[in-house]
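Note sheet for the following structure.
The values are calculated or read from the model by the stated rules, or taken from the named source; none is laboratory data. This is a predicted model, so every value here is computed, not measured. Cβ coordinates were reconstructed from backbone atoms using ideal geometry, including for glycine residues, and neighbour counts include every protein chain displayed.
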Amino acid sequence: MQRFNALSLLRRSVRGHQGWRPHWRDPAPKPAYDAVIIGGGGHGLGTAFHLARDHGMRDIAVLERGWIGGGNTGRNTTVIRSNYLFDESAALYDHALKLWSGLSQTLNYNVMFSPRGVMMLAHTLHDVQVGRRHVHANRLNGVDNEWLTPEQAKAFCPPLSIGPGLRYPVLGAALQRRGGTARHDAVAWGYARAADAMGVDIIQNSEVTAIRRDAQGAVSGVETTRGAIRTKKIGVVAAGHTSVVMAMAGLRLPLESYPLQALVSEPVKPVFPCVVMSNSIHAYISQSDKGELVIGAGTDAYVSYSQRGGLHIAAHTLEAICELFPRFRRLRMLRNWAGIVDVTPDRSPIIAKTPVAGLYVNCGWGTGGFKATPGSAHVFAWTMAKDAPHPINAPFTMERFREGKLIDEAAAAAVAH
Ligand code: FAD
Ligand code: PYC
């Protein structure tokens, strides 16, 4: 009898649009590896890919407690952009954006990157000031961003209502033309396939339950639901559950976990040409290649590990979307879901060595880590291989919270935290 579960669906959907029949090795874990990655999302699989390709490491295991891409990678709304405020962030996110443009060729797998433009709306004078500040800061960093009048915004996105009397009037918009979307599960599968081809063991249904340390305090292995594994290098890339995993090594991080939800409409013919986001009302929208409108809301107000968001949050988002795009009022919702995002105090990630020798962490992406996947994977692999940060991730340490060197990107995060 055929198993009809999320994994088979994921495999089928990938096979469906790629015409590629996976011949998955699904290996049993070996007793020891040179490096272990905890978390089989895009960042973890990408890190394994770069460790193998760029640093010649082959004896690597990616341990995933569920199925690869079943975490936030397969739940996100795939907005890709690099219009962050501070120099450190612009360098990190634009590094990723540049890698996105060649990722399908790099992996020999179509991740369907579509730079259709990301437009961020301003509804108040304060929004206008913040938006224009981002445009100027981005341009000084060589990151494309431009300010549009309401009429120019409507010309770029015809379904947008800019008429008078709106509860959320459109006073202008920042447009990053190089921004866009990609196919989320293809990113997980593309990295997985490429890493697998270089000998990386990708081990699903294998939850890490403990991190072992030797007499000097350095990591010496992990315990999993499929047995113990020895290793001297561990990369933790377990979005939403980083605190739980890091506690296994006795470390406490400045992270909080929240549900973040999204939904799709029934599929319709192509009607929406770009990505539109509104920071003030925590709503954003694009159209997938399947025709569904992909709509996202803000985070829940309370910390939680439940993978479902409050319906009142979705209702608020849909009210705003229907007012901004009146033609969508009669569409029906097809499905909704949520993921768990982990959020730092300054809404920027941590990509760093830790005080425990051999333990590295990549976390705190909050509502916005999908866009960073290729760049994050590249610099995190460097950090793990060389036991030293890449210049791009050097500012994204844990120590910045103690030293006060915050990289506060709350205004660029674009979705409520
Ligand atoms: P994940 O894909 O979550 O991978 C982590 C993996 O670790 C999971 O598969 C999990 O099962 C595994 N794991 C956890 N604990 C263990 C353990 N003990 N042992 C083994 N494995 C473990 N970002 C954007 O840039 N643009 C967007 O439009 C966007 N929209 C979003 C919309 C929603 C609804 C959500 C939830 C998130 C959104 N994000 C967006 C954020 C983005 O999805 C994440 O930042 C990114 O996908 C994180 O990738 P990852 O590989 O680190 O995590
Ligand atoms: O970071 O651009 C983003 C984003 C959009 C939706 C969720 N996060």
- Message: Considering only residues that are part of a loop (DSSP other than H, G, I, E, B), among the small types (Gly, Ala, Ser) and over 20 Å from the mean Cα position of the chain (by Cα), which ones fall in the stretch 366-393?
- Response: ALA388
- Message: Suppose we keep only residues that are in a loop (DSSP other than H, G, I, E, B) and touching a residue at least 12 places away in the same chain (Cβ under 8 Å) within the stretch 311-334. Which one would you say is nearest to ARG347 (Cα to Cα)?
- Response: PHE325
- Criterion violated by VAL245 - all others in (1) assigned to a strand (DSSP E or B); (2) out of contact with any Ser or Thr (no Cβ under 8 Å at 6 or more places or on another chain) satisfied: (1)
- Message: For the stretch 368-385, give me each residue that is touching a residue at least 40 places away in the same chain (Cβ under 8 Å) and away from ligand 2 (no atom under 16 Å from the Cβ).
- Response: ALA377, HIS378, VAL379, PHE380, ALA381, TRP382, MET384, ALA385
- When you go through (1) in a loop (DSSP other than H, G, I, E, B); (2) within 14 Å of ligand 2 (Cβ to nearest atom) one by one for VAL276, which number turns out not to apply? (1)
- Query: Quick one: which helices (runs of 4 or more DSSP H) sit completely within the stretch 124-217 and have at least 2 residues that are in contact with a helix residue (DSSP H, G or I) (Cβ under 8 Å, 6 or more places away or on another chain) and touching a residue at least 40 places away in the same chain (Cβ under 8 Å)?
  - Reply: 125-140, 184-197
- Query: Among the residues of the stretch 265-279, which ones are more than 18 Å from the chain's Cα centre (by Cα) and either crowded, with 18+ Cβ neighbours inside 10 Å or within 13 Å of ligand 1 (Cβ to nearest atom) (or both)?
  - Reply: SER265, PHE272, CYS274, SER278
- Note on the structure: Subset of the stretch 20-58, residues part of a loop (DSSP other than H, G, I, E, B) and at pLDDT 95 or above, comes to LYS30, PRO31, TYR33, ASP34, GLY39, GLY40, GLY41, GLY56, MET57
- Message: Anything in the stretch 38-53 that is within 13 Å of ligand 1 (Cβ to nearest atom) and over 11 Å from ILE68 (Cβ atoms)? List them, or say none.
- Response: ILE38, HIS43, GLY46, THR47, PHE49
- Query: Of the numbered conditions (1) modelled with pLDDT under 95; (2) under 18 Å from the mean Cα position of the chain (by Cα); (3) closer than 29 Å to GLY172 by Cβ, ALA320 satisfies every one except a single condition; which is it?
  - Reply: (2)
- Failed criterion for MET120 (all others in (1) within 30 Å of LEU45 (Cβ to Cβ); (2) free of Cβ contacts under 8 Å to residues at least 12 places away in the same chain hold): (2)
